1. Count the net charge of all other residues whose Cβ sits under 10 Å from the Cβ of His213, scoring Lys and Arg as +1 and Asp and Glu as -1.
2. Give the accessible area for Glu127 in Å² (nearest 10); use a 1.4 Å probe, count only protein heavy atoms, and leave out ligands, DNA and RNA.
3. Calculate, in nm to one decimal, what Asp135 and Lys249 gain on full extension: separation in residues at 0.36 nm each, minus their alpha carbon distance.
4. Over the heavy atoms of Asp135, what accessible area does a 1.4 Å probe trace out, to the nearest 10 Å²?
5. State which entries of Lys249/Lys415; Lys106/Lys256; Lys106/Lys141 exceed 30 angstrom in Cα-Cα distance in the structure shown.
6. Quick check for you: with a 1.4 Å probe and neighbouring chains kept, what is the accessible area per residue of segment 132-180, in Å²?
7. Counting only heavy atoms of protein chains, what accessible area per residue, in Å², does segment 257-307 have with a probe of 1.4 Å?
8. Take the Cα pairs of segment 108-213, get the Kirkwood Rh, then feed it into Stokes-Einstein at 20 °C and 1.002 mPa s and tell me D in µm²/s.
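The values are calculated or read from the model by the stated rules, or taken from the named source; none is laboratory data. Small disclaimer: the values here were computed from a predicted structure and weren't measured. Because the Cβ atoms are built from the backbone with ideal geometry, glycine has one as well, and the counts that use them run over all protein chains shown. Each accessible area value is taken on the protein alone, full model and side chains, heavy atoms only, with ligands, DNA and RNA left out. Shrake-Rupley method; radii C 1.70, N 1.55, O 1.52, S 1.80 Å.
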Amino acid sequence: GSGVKGRIIASVRVRGAERCGAARVAFSVSIGRVVNRQIGSSRCLWVDNRLGGSVVRAGAGSMAPRGSAATTVVAGGNAAGTEVFDEAARSEVRIGTFNLLAPVYKRLPGTRSPRGGRRLREAQFEELWLRRGKDTMQMLKQIGCVDVLCLQEFWFENNYRALVHEALGARYDFHELQRTGSKKDGVVTLVNRERVRTLEVSALRFHEHSCEHRVALVTLLELEDSAAFANKLRFVLVNTHLTFPHSDKDHSRRLKQIQVLTEHVENFMHERELNEIPVVVAGDINGNYSDQVCQHLLMKGFREAMLSSERCVMSLTSSDEDGGSLRETVAHEEECGTVSSVDVAQNLMTDIVTHVTHLGAHIHCDHVWVRPPICTRSGDPSESQSDASSSSSSSQPDSPKAVPHKAGAWTLRAKGVQVLPSDSCHFSWPDSFTLSDHRPIIANLAVRYLASAKAASS
């Protein structure tokens with residue numbers, strides 16, 4: 001433009017703007033530097049540097065729409081004089097978890113077996129489980145585009161499997177693992193093939209470690225959107241369903257299960273030299289935030305997505321009638337220094353309801369946990385665990401010091417969590433929701449590419 005010295009070429013590309021609601025893209029350039037950018041009403045930018053151009057920091061506001069990209073290039077591809085900021089890319093990955101309530105476990109009220117006197121199960125009536133299955137699939141379609149969907153209590157009955165594959169198979173790749181011990185259910189990880197590629201799958205059967213007939217499915221995934229950069233975003237995702245704590249022995253089994261799981265993940269990553277990529281653990285762990293299983297994950301450097309999200313209190317109180325007054329109170333107390341939003345969120349976490357047990361208790365047991373990349377010199381997984389443990393030893397484990405990772409690395413950070421149905425209060429069970437005894441959880445994880453040493457140390 002007029003008044004700009006030198007020849008600057010600015011290239012902007014926006015894909016799917018009408019779908020994302022991006023009305024316009026506007027920016028100005030000065031000596032090879034983007035000084036202002038706007039996508040719709042959001043001041044942020046998802047940057048593509050395939051042409052060897054500059055890296056720009058995303059501005060304040062919400063994330064850039066998925067699929068949008070922009071590039072700023074100095075003529076001739078020489079990026080000298082171009083200011084390089086810490087974060088080159090912003091997008092997000094949506095991870096969902098949902099316990100389907102397998103028909104073999106759904107008790108029918110007001111019914112009794114003529115033999116043992118136990119209540120009949122839905123699996124004995126095809127019309128019932130088929131109707132609920134179809135309604136569940138319709139609900140999952142209406143949620144929108146979820147990149148990875150972790151299902152628990154998936155019924156490995158041929159007709160039920162065919163129902164789910166027919167409903168979701170056009171979009172997702174299926175990775176299934178049935179429980180051991182003649183159990184009829186298991187876990188399934190659905191990967192959106194349009195956006196995520198499965199590189200490897202590893203099955204963990206806890207029975208082989210003498211801790212019940214439970215399983216976990218470990219997948220190594222790669223985000224296709226990150227192809228523009230020198231190294232693509234890879235992350236490990238775990239889908240699991242731990243034992244229900246009927247007794248003290250079950251509590252011990254659950255702790256052993258999560259210990260075996262984290263050790264399996266560390267070995268899986270160490271053998272493939274993957275220590276410097278994020279890890280996500282999702283599923284039904286049958287325990288709330290104060291549970292010993294959650295404390296073990298905290299010790300290993302994981303953070304609960306709901307507490308780690310950028311506006312955790314807003315999220316936790318968004319459906320509460322008193323949410324507005326609560327947020328005002330928290331804001332006032334924070335200003336006075338008497339309480340932090342993290343403190344409030346920790347207390348609220350134990351009151352969230354995602355499950356009604358067969359005993360009638362209302363609990364929070366469905367989680368998405370995220371651990372950022374852990375960088376060690378030797379790549380020894382025990383060293384990684386030590387670093388993770390030290391990073392979580394602060395008085396407020398939900399606001400840990402950043403885990404170190406080097407420049408040129410990708411990381412995942414919780415942006416927000418939805419507890420569905422979204423129009424219902426988080427702290428009570430929605431009576432109108434009858435598809436399962438669990439509520440679906442959708443975690444939005446911000447994808448960030450750290451392009452400089454400054455970013456890696458900040």
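1. After counting each charged neighbour, the total is +3.
2. About 130 Å², ignoring ligands and nucleic acids.
3. Values: separation 114, 0.36 × 114 = 41.04 nm, distance 3.68 nm.
Full-extension gain reported as 37.4 nm.
4. Approximately 80 Å² of Asp135 is accessible to the 1.4 Å probe.
5. Listed pairs above 30 Å: Lys249/Lys415.
6. Here the per-residue accessible area is 42 Å².
7. Values: 1460 Å² over 51 residues.
Heavy-atom accessible area per residue stands at 29 Å².
8. Working: Rh = 15.8 Å.
Stokes-Einstein gives a translational diffusion coefficient of 135 µm²/s.
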